[in-house]
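Colleague: Provided herewith is a single structure, encoded as structure tokens, for subsequent inquiry.
The values are calculated or read from the model by the stated rules, or taken from the named source; none is laboratory data. Note that the structure is predicted; figures quoted are calculated from it, not measured. So basically every Cβ, Gly included, is an ideal-geometry build from the backbone, and we count neighbours across all protein chains shown.
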Amino acid sequence: MFSKILIANRGEIALRIIRACQEMGIETVAVFSEADRDSAHVKAADEAFCIGPASPAQSYLNIPRIISAAEIGDVDAIHPGYGFLAENAHFAQVCGDCGITFIGPRPESMRLLGDKVAARELAIKNKVPVVPGSDGEIKDSNEAIKLANKIGYPIIIKAAAGGGGRGMRVVHNDMSLHSAFSSAKAEAEAAFKNGTVYMEKYIVEPRHVEVQIIADKAGNVLHLYERDCSVQRRHQKLIEESPCPILDEATREELCKNAIKIVKAANYENAATVEFLLDKNKKFYFIEVNTRVQVEHPVTELVTGHDIIKWQIRIASGETIKIKQKDIKHRGVAIECRVNAEDPSRGFSPCPGPINEFIAPGGFGVRVDTHVHQGSYISPHYDSMIAKLIVHQNTREEAIATMKRALREFKIGPIKTTIPAHLEILSHHMFVKNQVDTSFIEKHMS
Ligand code: ADP
């Protein structure tokens, strides 16, 4: 087992990883930008190094500075969290070359699955159902028009290197395809330095269902069941829950089996999430694999009792998974609400600023993962997510009631947050009756 780990991240996930390390008797090294000098993860770690100014390019994305901190701190391993360098195969490679274990998959599998076009090809090769679409990259808009007419509108243009919903355009007719194609390509080029785009049929009103996987170096691959992440705004998740409330046992088993199949085909190790869309006929289609821990991992932790961060660390240190699939039980219902510094009444626009009031909820079945406290400052340089509120109960009805009670207890001011939007969603009759899909917020929220 490692004796010291550097956490190449900030915010709630850095704190989450430090806490797991403390429980495992592992020393921790934090890195921080000048904007995060007083941040909770800096105080919680055994050592901390400032790695540059607030701008991520000069700090949390700056590989030489992070590696220097790792060398000065004399760590055995680096945990990248999510976002920043978590899915950067070059960073994983550099860590390995410097004799530091990267807590995540091998760079080769990260490269393979990080390219959505290659991942799609791998899925097809292994008979995992994919959304009808292009065979690989689409080079120009004329080719796109030909294919769109073949598969039928609506279609979606997606970036091969995509993430965070960038480089994605839904298109309904030939006329708008030309401009959507070039703007998706330009956005992908700017965001990922890779303008490769591909096409999928746009599944109308699907649910987003994903499977949590853990895989060790010896090829043991287990699933930790699914999460339903259908409540999204602009194709970005806002509420996640487990189990997916509309899945029958046979479909669940099939879904998890297919998730394992693709991870095995990629010769993958560590934690992964295999994402699918579920259409109205409960037919599922693979969309991508995320090669890191997800924001919404606590939902799975609460229903399975397995600490995913600890599994990541154990697997990276060479431990094999000794439990069997049948040992992983799913109990009750967990729901997560992402509390973002955003103004829901202004299209969820970011709302950075000082936090003068911060009272977190508690009580039975309530977990709060956050780095924020009274006196924190929410910087415009970083992600707007400031806390995750996760609840666990025996039934979905009870989980919704606990979540609503906890949301009402949660006091954050004066900045605007997504809390009022969550309360509105959780009270909506369609959410209560499980009738949600990825278009729910756009269609039903005021
Ligand atoms: P990113 O990696 O940028 O988040 P994903 O491929 O994970 O992109 O897709 C994010 C979301 O976009 C999905 O959860 C879904 O809401 C929507 N989406 C993606 N592909 C399709 C599709 N073919 N049909 C309908 N919705 C889609």
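Colleague: Name the strands (runs of 3 or more DSSP E) wholly within segment 129-239 that hold at least 3 residues that are modelled with pLDDT of 95 or more and within 11 Å of the ligand (Cβ to nearest atom)?
Modeller: On the way: elements: 155-159, 169-171, 197-201, 207-215, 221-233.
Filter on segment 129-239 gives 155-159, 197-201, 207-215, 221-233.
Colleague: Specify which of the listed residues (264, 282) is within 16 Å of the ligand (Cβ to nearest atom) and either surrounded by fewer than 18 Cβ atoms within 10 Å (Cβ to Cβ) or not assigned by TED's automatic domain parsing to the domain that holds residue 431 (or both).
Modeller: The match here is 282.
Colleague: Given the conditions (1) within 23 Å of residue 295 (Cβ to Cβ); (2) in the same structural domain as residue 15 (by TED's automatic domain parsing); (3) surrounded by 20 or more Cβ atoms within 10 Å (Cβ to Cβ), which single one is not true for residue 113?
Modeller: (2)
Colleague: Also, quick follow-up: Quick one: what pairs do we get from segment 175-203, first residue closer than 22 Å to residue 119 by Cα and among the acidic types (Asp, Glu), second assigned to a strand (DSSP E or B) and within 16 Å of the ligand (Cβ to nearest atom), C-beta under 6 Å, 6+ apart or different chains?
Modeller: Within 6 Å, the pairs are 200/133; 200/156.
Colleague: Also, I was wondering about something else. Checking residue 286 against (1) under 29 Å from residue 125 (Cα atoms); (2) in contact with a Lys or Arg (Cβ under 8 Å, 6 or more places away or on another chain); (3) not in a strand (DSSP E or B), only one condition comes out false. Which one?
Modeller: Here residue 286 meets the rest and fails (3).
Colleague: Could you check residue 313 against (1) over 30 Å from residue 420 (Cα atoms); (2) of a type in the set (A, V, I, L, M, F, W, C); (3) surrounded by fewer than 20 Cβ atoms within 10 Å (Cβ to Cβ) and say which number it fails?
Modeller: (3)
Colleague: Just one of the numbered conditions (1) of a type in the set (Val, Ile, Thr); (2) over 18 Å from residue 349 (Cα atoms); (3) assigned to a helix (DSSP H, G or I) is not true of residue 436; which one?
Modeller: (3)
Colleague: Ok, one more. Of all residues in segment 228-259, count the ones that are of a type in the set (Asp, Glu) and under 21 Å from the mean Cα position of the chain (by Cα). Don't jump to the end; show me each part of the working.
Modeller: Of the residues in segment 228-259, the ones of a type in the set (Asp, Glu) are 228, 240-241, 248-249, 253-254.
Next, from what is left, pick out any that are under 21 Å from the mean Cα position of the chain (by Cα): 228, 240-241.
Residues flagged as of a type in the set (Asp, Glu) and under 21 Å from the mean Cα position of the chain (by Cα) within segment 228-259 amount to 3.
Colleague: Looking at 57, 48, 77, which is the one that is free of Cβ contacts under 8 Å to residues at least 40 places away in the same chain, surrounded by 18 or more Cβ atoms within 10 Å (Cβ to Cβ), of a type in the set (A, V, I, L, M, F, W, C) and farther than 29 Å from residue 133 by Cβ? Lay out the reasoning, then the answer.
Modeller: Numbers: 57 fails: surrounded by 18 or more Cβ atoms within 10 Å (Cβ to Cβ); 77 fails: free of Cβ contacts under 8 Å to residues at least 40 places away in the same chain.
Criteria check complete, one pass: 48.
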